[in-house]
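Only the coordinates and a few stated rules stand behind these numbers; no lab work does. Keep in mind that what you see is a predicted model, and the values were worked out from it rather than measured. FYI the Cβ positions are ideal-geometry reconstructions off the backbone, even for glycines, and counts take in every protein chain you see.
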Amino acid sequence: MAELALRPVVLCGPTASGKTAAALAIARVAPVEIISMDSALVFRGMDIGTAKPSAQELAQAPHHLIDILEPTAVYSAADFARDATRLIGEIQARGRYPLIVGGTMLYLKALRDGLHDLPRAQPQVRADIEARAAAQGWPALHRELQAVDPTTAARLPPNDAQRISRALEVWHASGVSLSDWYTRAELQGGVADLPILALEPRNRAWLHARIGQRFEAMLAAGFLNELRALRARGDLHPNLPSMRCVGYRQGWALLDQIERGELAAEALPAQWCELGSAATRQLAKRQLTWLRGMPERRVVACDDAGAEAAAVEAWRALTQPS
């Protein structure tokens, strides 16, 4: 009975749906520790453009998997699943509730369903692949992937740097294609009892308006200075997972255009807001599609006036014995 009372719950939803506010509302009424399920929040120095919880918000409850890596690093769904599974046990051992909060649905799938036991990352192999991509272009490496793993290549666009790199890395490190690994490898682990509490809008226009408003607020808060500081480091490039995050990717490309004389500097804010908001809306659409594939989830309407209170009550229902 005690184990059920400390049941971990996933609080997820599309970007800008109010997940942080709902999680902190739960933290005000119960002893929870929050495990971030966000592929951007793991990176240090990326605060404004990721809508990272503020210092005041982070102080309201223990948080995990935020600011754990430099933006030069790669953090996979496998890394998240292993870290989150370990943290769930540690939090329960402290007599507290694990609350997994975020919108990276691939992380959720890995945590719930388990992982194929794929080869671990090989930094030197990946560096060699990225060096060749810089010289030849990603379409050339996509053609290389077609020769060794046509199944994986067929589902990837020629400029999908992150996934092409990983597929070639697996091939060069093991001599076995990624598709063959998926065919023959067994799923490892998985948290079987993991209820889903989803914040979803009744009215999609409400979410779109919030996305636009939030992007404008990020720009006003200094997103441009944050991105310029990241570029000035000299060790980042637009094909890294960190710099491919929504908002950063569009801003980096626009700054490149300014440097080439293709865009006036004064046009940057409006262009960035338009492109960044559009990309964020597409991300939200993909997140909602993932959620619709989980009919067992418990849905709270995030555009209702009492959404936070409803999330607290839904969380209570999912964690308390019947």
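Counting 0.36 nm for each residue step from Ala317 to Leu106 and taking away their Cα separation leaves a gain of 73.4 nm.
On a per residue basis, the convex hull of the C-alpha atoms belonging to segment 251-322 measures out at 129 Å³. Shape descriptor for segment 4-126: Rg over Rh equals 0.96 (Cα atoms; Rh from the Kirkwood inverse mean 1/r). The alpha carbon centroids of segment 201-218 and segment 222-286 are separated by 19 Å.
The packing ranking of peptides 226-233, 79-86, 258-265, highest mean first, is 79-86, 226-233, 258-265, where packing means the average number of other beta carbon atoms within 10 angstrom of each residue. For segment 62-218, the extents of the C-alpha atoms along the principal axes are 49, 41, 30 Å, listed from largest to smallest.
Distance between the 7 Å Cα→Cβ label points at Glu216 and Arg82: 4.5 nm.
Across segment 44-85, the fraction of Cα-Cα pairs farther apart than 11 Å, rounded to a whole number, is 73%. Between Ser54 and Ala232, the contour length at 0.36 nm per residue exceeds the alpha carbon distance by 61.7 nm. Using only the Cα atoms of segment 123-184, construct the convex hull and provide its projected area averaged over every direction, in square nanometres to one decimal. Hull-based average projected area comes out at 3.7 nm². Hey, for a label at Asp113 modelled as a point 7 Å past Cα toward Cβ, could you say which residues of segment 287-305 have their backbone N under 19 Å away? Label zone hits: 287-298. Rg(Cα) of segment 205-282 divided by 2.2 N^0.38 Å? In units of the globular-protein estimate, segment 205-282 measures up at 1.08.
For mean projected area of the Cα convex hull in nm², the choices are (i) 17.5; (ii) 15.1; (iii) 15.9; which was calculated from the structure? Step by step, mean projected area of the Cα convex hull in nm² for this structure corresponds to label (i).
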